[in-house]
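The block underneath contains the structure these notes are about, expressed in structure tokens.
The values are calculated or read from the model by the stated rules, or taken from the named source; none is laboratory data. Note that the structure is predicted; figures quoted are calculated from it, not measured. So basically every Cβ, Gly included, is an ideal-geometry build from the backbone, and we count neighbours across all protein chains shown. When the accessible area is computed, the model is the full protein with side chains, heavy atoms only, and any ligands, DNA or RNA have been set aside. Shrake-Rupley method; radii C 1.70, N 1.55, O 1.52, S 1.80 Å.
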Amino acid sequence: MSGGRGSALIVLTVVMAMAVVFQGQVTEAATYTVGGSGGWTFNVAGWPRGKTFKAGDVLVFNYGPGAHNVVRVNRAGYSGCNAPSGAKSFQSGRDQIKLAKGQNFFICSYAGHCEAGMKIAITAT
């Protein structure tokens with residue numbers, strides 16, 4: 001075997017071994033339907049309880065367009081049920097939102113909806 005072929009074989013072997021090692025570390029993002037079959041509606045605040053979320057997971061918010069919305073807010077917006085100026089609002093009725101690492105807060109900003117439990121707080125690792 002010539003030096004060039006032997007070196008190429010060694011490099012190929014190392015690359016393949018690394019691919020096998022890293023394959024075990026790659027995880028695909030999970031997709032969660034907020035509220036389960038009931039969708040994004042009132043009294044959904046407890047829905048995240050018992051679930052483990054990771055950064056990159058996707059939340060699907062299903063609701064009747066025009067009946068609700070989804071607004072990504074900060075902790076103060078979540079606690080006070082108000083959307084700060086410039087907050088991102090989703091209104092399609094089939095919104096898919098990727099979780100960021102750390103705390104993620106979502107509310108419905110329609111009058112009285114957040115106060116009726118239409119809000120969720122999720123921590124993604």
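Brief remarks on what is shown
- Here K98 meets each of (1) surrounded by fewer than 18 Cβ atoms within 10 Å (Cβ to Cβ); (2) more than 15 Å from the chain's Cα centre (by Cα) with one exception, condition (2).
- Scanning segment 72-98 for residues that are within 17 Å of I122 (Cβ to Cβ) and part of a helix (DSSP H, G or I) yields a count of 5.
- Here V44 meets the list (1) among the β-branched types (V, I, T); (2) at pLDDT below 85; (3) open to solvent by less than 50 Å² (accessible area, probe 1.4 Å) almost entirely, failing just condition (2).
- Of all residues in segment 99-125, those that are among the basic types (K, R) and not in a loop (DSSP other than H, G, I, E, B) total 1.
- Given (1) surrounded by 12 or more Cβ atoms within 10 Å (Cβ to Cβ); (2) at pLDDT 95 or above, number of the condition A87 does not satisfy: (2)
- The lone criterion from (1) modelled with pLDDT of 95 or more; (2) surrounded by 12 or more Cβ atoms within 10 Å (Cβ to Cβ); (3) touching a strand residue (DSSP E or B) at 6+ places or on another chain (Cβ under 7 Å) left unmet by G117 is number (3).
- Selection of first residues in segment 37-62 that are of a type in the set (D, E) and of second residues that are open to solvent by less than 80 Å² (accessible area, probe 1.4 Å), restricted to Cβ pairs under 7 Å at least 6 apart or on distinct chains, gives the following pairs, ordered by first then second residue: D57/A29; D57/A30; D57/Y32; D57/L99; D57/A124.
- The single condition among (1) of a type in the set (D, E); (2) in contact with a strand residue (DSSP E or B) (Cβ under 9 Å, 6 or more places away or on another chain); (3) open to solvent by 20 Å² or more (accessible area, probe 1.4 Å) that D57 does not meet is (3).
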